[in-house]
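Asks: Structure incoming, see below.
The values are calculated or read from the model by the stated rules, or taken from the named source; none is laboratory data. These numbers come from a predicted model, not from an experiment. Virtual Cβ from ideal backbone geometry, glycine too; neighbours counted across all protein chains shown.
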Amino acid sequence: MDSTRHLTASTFLFARFGASWRMCVIAHPRHGSYRRPGGHVLEDQAETPQDAAMRKALEESGYRPRLLPAPLPEGYPHPAVPGPWWTVDIAAGPDSRADGRHLHRDHVFVGVVPLTYEPQGPPALPVRWVDRDALEVLDTPTDTKVLGAHLFDVIGAVARPRTAAAPDEELATELLRRMELDQEVRLLPPASRTPEVMERWQEIDRDNRIWLEQLLAVRGWPGISEVGERAATAVWLFAQHSDPAPDFQLRCRDLLAEAVLAGEADPRHSALLQDRVRIAQGRPQVFGTQLYADEAGELAPAPLWEAEQVDLRRLEVGLEPLEDYLHACRQTAVG
């Protein structure tokens, strides 16, 4: 075998589907099996292995991951730093860079995708997201199965912040106070919604949006460990009701998705905000959470992406079947 050694980079790519983690694999046409995204480092262009890992993940899967610090064992004496989690020499057959057998020095990274239904580009290869059980029987190299199984054990902890934020009772109290105002006007019967009430409604939403924008700029998205579940719901509500500021709402969508990855937010809230943003952008929603009154005056879901799979996606994030959701909303509207 040729002693030539080529630098390569690959990424174990994970995402949360509700409470469950899955790993991204691609159907590799040359190998005839599933592989993690990866490829050669462009050394002639001074590309680093980290940059190559990001580039190949985007090219092959359509996703631009956030690379994680190396998931070192508990009590390891040095802090985790950005870089490859694993580096290994692998015997390789002829490919686009060599006519004969040679070596690949593969730099293995670990990354996460916060928004699985928002790829950044079209994938060059067929993509599949597998859970741990599916990985065990997948047609994929043994090292991918062994290392992938280990990562399934630790990815939840690695994706979390190193230390959870300390509880902030003062912030939680303020969030709950503002949420009470948010709901107070929305729960009024339609007959009570005078022009003065609607103006007050808009004022409350605007005040909460400006306040939240300032809060996020200073300390980031408040998670459940910091403010509790009810107050964390308030953070999402203020973002959900920020329709007049689409750029801010889009930023909130991304921050909330990252909070879900870290186990610091409710996946249902993320689904609702993702749908809200997509509808505002003129795109079909993913989870069927956004409704409108049809020609008969009955509540119906706004346009859906791959409607035949919507209940599966709703189940993943903890939402009831779409028909049950519609029934409940229609009953509330009638009541």
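Asks: If you take just the helices (runs of 4 or more DSSP H) that sit entirely in the range 207-320, which of them hold at least 1 residues that are over 17 Å from P114 (Cα atoms) and of a type in the set (A, V, I, L, M)?
Replies: Working: elements: 224-240, 246-261, 267-280, 310-317.
In the range 207-320, the matching helices (runs of 4 or more DSSP H) lie at 224-240, 267-280, 310-317.
Asks: Kindly provide the set of residues from the range 174-228 that are in contact with a helix residue (DSSP H, G or I) (Cβ under 7 Å, 6 or more places away or on another chain) and of a type in the set (V, I, T), ordered by number.
Replies: Residues satisfying the conditions are V185, V197, I204, I224, V227.
Asks: Looking at the range 289-306, is at least one residue surrounded by fewer than 21 Cβ atoms within 10 Å (Cβ to Cβ), more than 25 Å from A232 (Cα to Cα) and of a type in the set (S, T, N, Q)?
Replies: no
Asks: Would you check if I204 is free of Cβ contacts under 8 Å to residues at least 12 places away in the same chain and within 17 Å of M179 (Cα to Cα)?
Replies: The answer is no for I204.
Asks: So which pairs qualify, if the first residue must be in the range 238-254 and not assigned by TED's automatic domain parsing to the domain that holds M198, the second must be at pLDDT 95 or above and exposed (fewer than 15 other Cβ atoms within 10 Å of the Cβ), the Cβ gap must be under 7 Å, and the two must be at least 6 apart or on different chains?
Replies: Correct list of pairs: empty, since none qualify.
Asks: Scan the range 41-59 and tell me whether some residue there is outside the structural domain of S270 (by TED's automatic domain parsing), surrounded by 13 or more Cβ atoms within 10 Å (Cβ to Cβ), at pLDDT below 95 and of a type in the set (S, T, N, Q).
Replies: Scanning the range 41-59 turns up at least one residue that is outside the structural domain of S270 (by TED's automatic domain parsing), surrounded by 13 or more Cβ atoms within 10 Å (Cβ to Cβ), at pLDDT below 95 and of a type in the set (S, T, N, Q).
Asks: Does the range 183-225 hold any residues that are among the charged types (D, E, K, R), within 26 Å of P167 (Cβ to Cβ) and at pLDDT 95 or above, and which are they?
Replies: Scanning the range 183-225 gives D207, R209, E213.
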